[in-house]
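Student: I'd like to ask you about the structure that follows.
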Ligand code: PMP
């Protein structure tokens, strides 16, 4: 395949080519069964093997302790914005949210429709979010059902590198845009979730990892299909799961495993970020990252050029040389280079070289 572009889309995002090729190879006749995995019953042994292999890969790559469930939901991360409070906030209880950007504010607003929730920190300043809060800025209610964070703020380009200390309050995270960017201690969390379509697969499946005791004491006066306990009891096979998305997650995660797991992935990701931010900082007369240095995202760096016209030209010229998806989110403008796990180091080097050349050619503009 020579005509693949360098895809900086924020999600759905670039996937490892080998994961797509494997699907291509297996598509028409899955393991000699005379049908594709798309057509298999979710109750059959062929799909069951794929399903359990995917669960096992998540457990292995993240070193998930035995007292956690690994679950697959539909409805995207946005549905978890609702399912989390429905399950975890008891009658009359409340929960705390850390407001660090658009995708941190949305779950807070949704939870607010279900129960009483508080902002434990809000780092918005003049309508902008340019950092994540420090531990001493968090006002955690010791009676909160949980504290919710968004570990990577996809639009604003900020990321938590140290997770908050919450004492006995369970930590809950939306990890949609940085799940598996590095190894981390799962036992620090009560629950985390991630829409797969950025770092671990295609759209259609949402990974949820949740501590078993939280599921046991979760509310049961909610519809069966929204209960974590339903998914936990049935190994996410209570109803038809998003089989093909889970199959693709299996393909992606087996490649991550082959590459050597998350510590290898972390090294690559840090190097990619180093290269990109180095260009931005080296040419600070031209490029500017609006994020405070210690909050700069490794996954979704954002940057600006001197004018919006130059930004439009930068995005258009990058496209001409095979780099797509560099436009920032419409709500903030500018540029964004999403650099999820499947984005190679060589591609980031290509982008960095392009940025250097573009500046030189457009300095006077
Ligand atoms: N959380 C974060 C951090 C996101 O970046 C996004 C999507 N860009 C969402 C939630 C929403 O995800 P979904 O479309 O899967 O509902």
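Bear in mind these aren't lab numbers, they're just calculated from the coordinates by the rules spelled out. Note that the coordinates shown come from a computational prediction; the quantities given were computed from them, not determined experimentally. Heads up, the Cβs are rebuilt from the backbone with ideal geometry, glycines too, and the neighbour counts pull from every protein chain shown.
Student: Which values, in whole Å and largest first, are the semi-axes of the equivalent ellipsoid of region 20-123 obtained as the square root of 5 times each eigenvalue of the Cα gyration tensor?
Tutor: After scaling each eigenvalue by five and taking roots: 38, 15, 14 Å.
Student: For the modelled label position 7 Å from the Cα of residue 353 along Cα-to-Cβ, which residues of region 1-32 have backbone nitrogen atoms closer than 15 Å?
Tutor: Within reach of a label on residue 353, which here means backbone N under 15 Å from a point 7 Å along Cα→Cβ, region 1-32 contributes 6.
Student: Just want the ordering: 174, 213, 285, 66, from fewest to most Cβ atoms lying within 10 Å of their own Cβ.
Tutor: Going from least to most buried by this count: 66, 285, 213, 174.
Student: Does the chain classify as rounded, prolate or oblate by the C-alpha gyration tensor (a ≥ b ≥ c root eigenvalues; a/c under 1.5 gives rounded; else a/b over b/c gives prolate, otherwise oblate)?
Tutor: Oblate, since a/c reaches 1.5 and b/c is not below a/b.
Student: Which ordering of 73, 30 is given by a fewest-first count of other beta-carbon atoms within 10 Å?
Tutor: So the residues, fewest neighbours to most, are 30, 73.
Student: For residue 319 and residue 267, what is the calculated FRET efficiency with R₀ set at 30 Å and r taken between the beta-carbons, to the nearest 0.05?
Tutor: FRET efficiency, residue 319 to residue 267: 0.50.
Student: Would you kindly give the portion of the calculated P(r) for region 196-260 that falls above 14 Å, as a percent of all Cα pairs?
Tutor: Within region 196-260, distances greater than 14 Å cover 64 percent of Cα pairs.
Student: How much length, in nm to one decimal, is gained on full extension between residue 45 and residue 361, taken as 0.36 nm per residue of separation minus their Cα-Cα distance?
Tutor: Roughly 107.9 nm would be gained on extension.
Student: Next question. Given R₀ = 25 Å, FRET efficiency for residue 203-residue 25 by Cβ-Cβ distance, to 0.05?
Tutor: Efficiency, from the Cβ-Cβ distance: 0.70.
Student: Determine, for each peptide in 144-156, 351-363, the mean count of other beta carbons within 10 angstrom over its residues, then list the peptides with the highest first.
Tutor: Ranking, from highest mean packing down: 144-156, 351-363.
Student: Taking a spot 7 Å from the Cα of residue 331 along the direction of its beta carbon, which residues of region 86-118 have an amide N less than 16 Å from it?
Tutor: Of the residues in region 86-118, 98-112 have backbone N under 16 Å from the label point off residue 331.
Student: What nm distance separates the two modelled labels at residue 161 and residue 288, each placed 7 Å from Cα along Cα→Cβ?
Tutor: Taking the simple label geometry, residue 161 and residue 288 are separated by 2.3 nm.
Student: How high is the relative contact order of the chain, in percent, counting Cα pairs under 8 Å that sit 6 or more residues apart?
Tutor: 23
Student: Still on this structure, please answer the following. Nearest 5 percent is fine: what portion of the DSSP beta bridges confined to region 140-219 is antiparallel?
Tutor: Beta bridges within region 140-219, antiparallel portion: roughly 50 percent.
Student: Here's another thing I want to ask about it. On a full-extension model of 0.36 nm per residue, what is the gain between residue 60 and residue 5, subtracting their alpha-carbon distance, rounded to one decimal in nm?
Tutor: This chain segment gains 16.6 nm when fully extended.
Student: While we're here: Rounded to the nearest Å, what's the spacing between the alpha carbon centres of region 257-300 and region 55-122? Just the number, please.
Tutor: Using only Cα atoms to place each centre, the spacing works out to 27 Å.
Student: Hey, quick one: spin label on residue 17, modelled 7 Å out along Cα-Cβ, who in region 337-365 has an amide N within reach, i.e. under 18 Å?
Tutor: Under 18 Å, as judged by backbone N against the label point of residue 17, lie 340-351 of region 337-365.
Student: Starting from 0.36 nm per residue, how many nanometres of slack lie between residue 138 and residue 106 once their C-alpha separation is accounted for?
Tutor: Separation in residues times 0.36 nm, less the Cα-Cα distance, equals 9.6 nm.
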